[in-house]
Amino acid sequence: MKYLALGLTLALALPGSACAWSGTATRTAPALPSSPQRATEGGGMRATAIQDAQPTLELLITVRLLAGLTGQPEFRREARTRLALSDLLRPLTDMSALYPSEARTLNAALQAALTPAQAQMLTRARAALEAQVRSFMARARFATPDGPLNLTVARYGLMVPGGPDIVRGVTDCSLPNPYHTGVNAALLERLLTALAP
């Protein structure tokens, strides 16, 4: 975890303004399974705090962990699981905006697609990541010029690929789909390649 300590400054104040994503955002891929409900107000999605962004942040973590597990024999020999995961994940590359309700539904669908053994591997990987983050946060000093440290934001900043910048982009709505750019786009592409037959 040494790389996390290098120049780490979390200045992640919660956004004061709400997201105003259009409820008619163009999609060039089929909607995700289960037709998730979208919380709308005034014709668009609104996410005003870290709690609203949590489904997306949780999905980012799940995809990160799956990318680390797909090389394991338990994943490689389960062709049906690989196909199911690939079918669920591929639409992310074309969605102009990833709504929190869609992220929550997709995260649940990804985990439901796993075999019991794979689900246990994911649970163990998540627990190990959480333990690393707790250990780091117990030792670290965080610079927070905008006020008291939000421990939830700090924790996600250490767990989400791309770190605090991605957490900020998701919570302040400047990054409507984090899988369109940077480390998460590359991670998704690597995962889809690893899931291919």
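Just so you know, all these numbers are worked out from the coordinates, no wet-lab data involved. The model shown is predicted, which means the values in this text are computed figures rather than measured ones. Cβ placement follows ideal geometry from the backbone for every residue including glycine, while neighbour counts extend to all protein chains displayed.
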Using θ = phi - 60° and Karplus 6.51 cos²θ - 1.76 cosθ + 1.60, couplings along the stretch 99-116 (whole Hz; Gly, Pro as x): 6, x, 5, 5, 5, 5, 5, 5, 4, 5, 5, 4, 5, 5, 6, 7, 6, x
Mean projection area, nm², convex hull over Cα of the stretch 47-89: 3.4 nm²
Within the stretch 52-110, trypsin sites (Lys or Arg not before Pro) in DSSP loop having at most 11 other beta-carbon neighbours inside 10 Å: R77
For the stretch 73-165: span of alpha carbons on each principal axis (Å, largest first): 48, 32, 18
Protection proxy ranking of 124-135, 173-184, 156-167 - average other beta-carbon atoms within 10 Å, highest first: 156-167, 173-184, 124-135
